[in-house]
Amino acid sequence: MTYLTVPISARDFDTAKRQVSGAVAAGAEILELRMDFLETLEAGSVTALIAEVRDAGGGRIPVIVTCRDRKEGGAKSHPDELRMLTLLKAVEAGADFIDLEYANFVRPEIGHTIRAALATRPKSRLILSAHDFAGRLSDAHGLYREISQACPTVVPKLVYTARHINDCFEAFDLLHESNGDRIVLCMGEAGLTSRILAKKLGGLVTFASLDEQAATAPGQLTAGTLRNLYRHDSIDADTELFGVIADPVGHSMSPAIHNACFAEAGMNRLYLPLLVQGGQTEFDAFLDNVLARPWLGFRGFSVTIPHKHSALQYVHRNGGVVEPLADKIGAVNTLLAERRATNEERRLAAYNTDYAGALDAITQGMGIERTGLRGVPVAVVGAGGVSRAIVAGLTDAGAEVTIYNRTVPRAQELAADFGCRAAGLDELPRLAAKLVVNCTSIGMHPHIDATPIPPDCLQAGMTVFDTVYNPVETLLLKHAKQAGAKAIDGVAMFVNQAAAQFRLFTGRPANSGPMRKAVLDRLRR
């Protein structure tokens, strides 16, 4: 059992009481009373707050009492004697757990006192914690063994900062290789996956804040996000994992739509945001780590900026399978981890669904079949990974494509691959296209006041397709409508390519209606 634990981090007693009620309403399964956050700490306050939790939760919700040392993330510099007295009062009041820093527990005067108090209240358990806010612990496995032997029924708690997602695998290994009640988590944006996967890997708790302002550690999700977006209530050891590999990844709508579809289909599957920073080396290390741990249960990935070419390179070098279309495009946006018939070893298969997603969005928006694109003059702005897929699709359909890019040699290189023209952005004022496609990130949230194409380049009779989907109506599309042009938003392509990915992930067709609704609902929030 992994408990969704909500910290109560108020500065005063009355606010703490309100947070307790809110946490119970949010579905908290344990409440952690962070007494170190109180501006005025009195040891007796903990007794009253424990009683408040018992009343609000009908006596069903366990309590952790923590009065953290400032050296390990405590909010206020309360004296050691007062912090210890608070923990002793918590034991006396029947707290289910008290959390003490291991570095302080090994001090004889503190360890002896805590042991003596717990001996009189055997239903209260001790969590011994170690934190590193700068990076990884120097010897996590050794420290875990040391804490485990410190006293009977102890719960080891190791929390460190992941500076890269690859730092999380040590935490995953520690949970996988141990048993019993233990807590192992990673802080920071790169450590977010450890908070979501704690339940799959059997950690005693995962912490989630009541709201963003009440977070008590870097990278802590809210309880609502953990339960609603990442389906915490349905995660178990058999949950199969998928995710989007990107940098940045926080803005991605993919978790919202794929998790909604998994839920609708009743599948025990979870889709994660996977922040993989760096280039080919870091990307390769991430996939090496995943494939070396089949017990994690990763089955597939979406791949987006800036890793689409890295994904193609990785699959080629490691004996995977690449669909011919993805090879032609030179970029991959979907990976499947396929189990070999003879053993648990997995190899990757690579695909590109941007091609079909874009062409379907364009033809549906223009009200034509793909054959209707033959001979149509098209301006594609940008020469990155998305551009390659769209240029491949348009040239296959017989459109007459010109690629406009700030770096002309890059546009020329792409144009040479697909037999079309290249030009610099300075030629946009002489635009004479029926279809204009923005394949850059210009205009994407939060830079919504930018546009890749001057408004006087647009005119009635054009169709303008913006691959940016956040916001739904970019400044480019607003200018297009003002000029009398037809506008196609990026949500159409995003949903189409995601639907194609869902079919690859599951073998089932996706219902694109709920997918689009999930994206729009997420954008509104």
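What the table below lists for this structure:
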quantity: Enumeration of residues in region 359-391 that are small (Gly, Ala, Ser), in a helix (DSSP H, G or I), at pLDDT 95 or above and open to solvent by less than 10 Å² (accessible area, probe 1.4 Å); calculated: Ala361
quantity: Any hit, region 239-250, residues being more than 16 Å from the chain's Cα centre (by Cα) and over 24 Å from Tyr469 (Cα atoms); calculated: yes
quantity: Qualifying residue in region 39-56 (condition: more than 38 Å from the chain's Cα centre (by Cα) and open to solvent by less than 40 Å² (accessible area, probe 1.4 Å)); calculated: yes
quantity: Residue among Arg524, Arg516 that alone is under 30 Å from Ala326 (Cα atoms), out of contact with any Ser or Thr (no Cβ under 7 Å at 6 or more places or on another chain) and among the charged types (D, E, K, R); calculated: Arg516
quantity: Of all residues making up region 128-149, the number that are of a type in the set (Gly, Ala, Ser) and open to solvent by 20 Å² or more (accessible area, probe 1.4 Å); calculated: 3
quantity: Residue match in region 295-303 (condition: polar (S, T, N, Q), touching a residue at least 24 places away in the same chain (Cβ under 8 Å) and open to solvent by 50 Å² or more (accessible area, probe 1.4 Å)); calculated: no
quantity: Matching residues, region 67-101, being touching a helix residue (DSSP H, G or I) at 6+ places or on another chain (Cβ under 6 Å), farther than 15 Å from Ala43 by Cβ and open to solvent by 30 Å² or more (accessible area, probe 1.4 Å); calculated: Ser77
quantity: Top-ranked residue in region 392-409 [being outside any helix (DSSP H, G or I) and aliphatic (A, V, I, L, M); ranked as farthest from Arg430 (Cα to Cα)]; calculated: Ala397
quantity: In region 185-213, the residues that are within 16 Å of the chain's Cα centre (by Cα), outside any loop (DSSP other than H, G, I, E, B) and aliphatic (A, V, I, L, M); calculated: Leu185, Met187, Ala190, Leu192, Ile196, Leu197
quantity: Leu414 vs. criteria assigned to a helix (DSSP H, G or I), over 36 Å from the mean Cα position of the chain (by Cα) and either surrounded by fewer than 20 Cβ atoms within 10 Å (Cβ to Cβ) or not acidic (Asp, Glu) (or both); calculated: no
quantity: Selected residue (only one of Ser209, Ser310 is in contact (Cβ under 8 Å) with a residue 40 or more places away in the chain and either over 26 Å from His176 (Cα atoms) or open to solvent by less than 40 Å² (accessible area, probe 1.4 Å) (or both)); calculated: Ser209
quantity: Among (1) over 21 Å from Asp96 (Cβ atoms); (2) among the β-branched types (Val, Ile, Thr); (3) part of a loop (DSSP other than H, G, I, E, B) - the single one Thr216 does not satisfy; calculated: (1)
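Here's the yes/no breakdown for (1) closer than 18 Å to Leu335 by Cβ; (2) touching a helix residue (DSSP H, G or I) at 6+ places or on another chain (Cβ under 8 Å); (3) open to solvent by 20 Å² or more (accessible area, probe 1.4 Å); (4) of a type in the set (Ser, Thr, Tyr):
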{"position": "His232", "(1), (2), (3), (4)": "no, yes, no, no"}
{"position": "Thr239", "(1), (2), (3), (4)": "no, no, no, yes"}
{"position": "Arg269", "(1), (2), (3), (4)": "yes, yes, yes, no"}
{"position": "Leu272", "(1), (2), (3), (4)": "yes, yes, no, no"}
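The values are calculated or read from the model by the stated rules, or taken from the named source; none is laboratory data. Since the model is a prediction, treat every value here as computed from it, not as a measurement. With ideal geometry, Cβ positions are generated from the backbone for all residues, glycine too; neighbour counts draw on all protein chains shown. Note: accessible area is taken over every heavy atom of the protein model, side chains too, but ligands, DNA and RNA are not part of it. Shrake-Rupley method; radii C 1.70, N 1.55, O 1.52, S 1.80 Å.
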